[in-house]
Amino acid sequence: ASSHLSPTRTLSVSQASAGATPAISQSRLSLSQLKVKDMAGAKGVKPDNAKKSAVVTNGEMIEYYEISGCYILRPWTMSIWEIMQTFFDAEIKKMKIKTCYFPLFVSNNVLQKEKDHIEGFAPEVAWVTRSGDSDLEVPIAIRPTSETVMYPYFSKWIRGHRDLPLKLNQWCNVVRWEFSNPTPFIRSREFLWQEGHTAFATKEEADTEVLEILELYRRLYEEYLAVPVVKGKKSEMEKFAGGLYTTSVEAFIPNTGRGVQGATSHCLGQNFAKMFEINFEDEKGEKAMVWQNSWAYSTRTIGVMVMTHGDDRGLVLPPKVAAIQVIVIHVPYKDADIKEILSACSATVKVLCDLGIRAEADLRENYSPGWKYSHWEMKGVRAVRRDNAAKIDIPMDGLVDKVKCMLDDIQQNMFNVAKQKRDACVQVAKTWDEFIEALSQKKLILAPWCDEEEVEKDVKTKTKGETGAAKTLCSPFDQPQLPEGIIIVHCALHRGNLPRNGRTGDGVIKV
């Protein structure tokens with residue numbers, strides 16, 4: 001019998017910020033990348049993008065649906081989502097965050113209550129305007145996110161300091177309609193996610209939770225999906241509409257030179273509390289407004305994994321999230337007792353499953369072993385190690401322990417390889433010329449930046465081309481030491497921040 005061990009891929013490119021004349025100031029580092037057209041598999045899609053699309057269809061992860069931008073998530077995908085959900089849900093329950101569910105629909109009056117928020121989402125909001133043959137008297141929006149859905153009820157439920165903190169999370173779908181170039185997992189009109197919404201008496205409590213949740217997102221990517229990410233803070237231009245500040249984890253795909261926003265944790269401040277009158281009586285008997293957070297990750301995580309690890313042969317799945325970690329295939333030979341071979345395969349699977357390894361046997365007799373190897377390889381499981389193609393003989397004695405060690409080794413090796421490739425693409429740019437050169441080489445650029453919105457817009461304008469425009473990703477929390485008097489790349493404005501820039505399909509990473 002042959003056993004296959006399973007070990008995903010992301011789309012992105014990066015670059016930094018610019019201005020007119022260099023200025024001297026104290027700076028921090030920030031990361032940027034390029035805003036680009038995504039893989040789609042639709043008309044006009046580039047060959048490289050079509051290949052990525054084929055990976056997820058041939059790997060039986062998604063199926064295209066008749067409505068553009070909508071995809072069927074097949075069991076191979078949903079099993080990965082469930083494994084991530086199991087980890088994350090258990091961790092946030094330790095933080096005393098409760099599960100809830102709010103309706104999919106929201107009225108226009110409520111949606112319009114927070115002006116900056118709805119302006120940020122307005123182009124993407126889908127509306128229900130008819131019921132049967134009749135027009136609705138008042139159109140109803142389908143949630144693009146749930147702040148305006150939930151917060152009227154936060155106002156109703158929170159009265160005094162004993163009602164705080166209020167910490168809720170829901171697992172649901174959202175719809176964001178208006179965009180071009182839909183991409184499986186990365187950019188779709190409907191997607192699955194979790195969204196947490198919390199309210200606190202103090203800003204300190206809110207600030208603490210923002211970073212605790214961000215660390216869980218890092219763990220999800222690095223420990224489960226084997227994808228290295230950078231934790232940092234978004235620019236004012238790129239922060240969540242209506243929020244106080246936004247933090248994120250950002251991934252980078254060396255093969256394409258593009259970055260992807262992996263997940264976000266927002267401190268909303270008191271803006272939504274003011275709009276929705278979420279007030280409470282504090283311990284002194286005085287009226288006060290709550291401090292709020294919201295945070296989310298979506299099925300985009302799976303797309304990032306696919307693009308990070310996938311190769312020309314198909315999917316490469318980290319063992320921790322693979323639905324099947326080991327596939328057992330029988331190899332018949334002349335004069336063999338087929339029943340005995342099949343029995344041995346089934347017994348092997350039982351031994352592995354009994355000790356927590358996700359294993360199955362492919363005992364179909366109408367397909368050759370070679371066909372089965374190819375089939376499972378496309379799905380991320382191989383007859384040899386899927387991460388490095390090594391072939392290993394494992395005796396039945398001590399099988400489980402050796403397989404467990406091998407799966408752990410595959411998981412760690414996938415992360416190490418992905419990190420080495422990502423780190424090799426990081427380039428520090430100290431001048432505008434260095435910045436442009438690094439961008440042309442599809443590098444993830446770490447460069448001084450002033451954190452001025454006009455400069456950020458100017459960078460996008462000056463770098464706009466056929467493949468997209470530069471976009472700031474995040475200012476990394478892990479900042480290197482900078483010498484005094486550092487020159488801010490392409491910036492004639494006063495203050496400096498050293499951002500990391502890259503290219504992205506839908507957002508910017510400042511790392």
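The values are calculated or read from the model by the stated rules, or taken from the named source; none is laboratory data. Computed from a prediction, not measured in an experiment: that's the story for all the values here. Virtual Cβ from ideal backbone geometry, glycine too; neighbours counted across all protein chains shown. With ligands, DNA and RNA removed, areas are computed over all heavy atoms of the protein, side chains included. Shrake-Rupley method; radii C 1.70, N 1.55, O 1.52, S 1.80 Å.
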Self-check item: Centroid-to-centroid separation of the stretch 320-343 and the stretch 66-109 [C-alpha atoms, Å]
Solution: 35 Å
Exercise. Calculate the spin-label point distance for Glu223 paired with Met237, positioning each point 7 Å from the Cα along the beta-carbon direction, and give it in nanometres.
Key: 3.6 nm
Quiz item: Counting only heavy atoms of protein chains, what accessible area per residue, in Å², does the stretch 61-309 have with a probe of 1.4 Å?
Solution: 42 Å²
Self-check item: Stretch gain in nm, segment Lys203-Cys100, where the contour uses 0.36 nm per residue and the Cα spacing is subtracted
Solution: 34.7 nm
Self-check item: Contact order relative to length of the stretch 61-309, as percent, for alpha carbon pairs under 8 angstrom and 6 or more apart
Solution: 20 percent
Quiz prompt | Accessible area of the stretch 61-309 belonging to carbon and sulfur atoms, whole % at 1.4 Å probe | solution = 50 percent
Quiz item: Using modelled backbone amide H atoms (1.01 Å from N, in-plane), which distant-in-sequence or interchain residues come within less than 5 Å of Phe252's amide H?
Solution: Val260
Quiz item: By its C-alpha gyration tensor, with a ≥ b ≥ c as the square roots of the eigenvalues, how is the stretch 61-309 shaped: rounded for a/c under 1.5, else prolate for a/b larger than b/c, else oblate?
Solution: oblate
Exercise. Can you list which of the trypsin sites (Lys or Arg not before Pro) found in the stretch 57-156 are DSSP loop residues with at most 12 other C-beta atoms within 10 Å?
Key: Lys96
Quiz item: Along the Cα-to-Cβ line of Arg74, 7 Å from the Cα, sits a label point; which residues in the stretch 301-333 have backbone N less than 13 Å from it?
Solution: 315
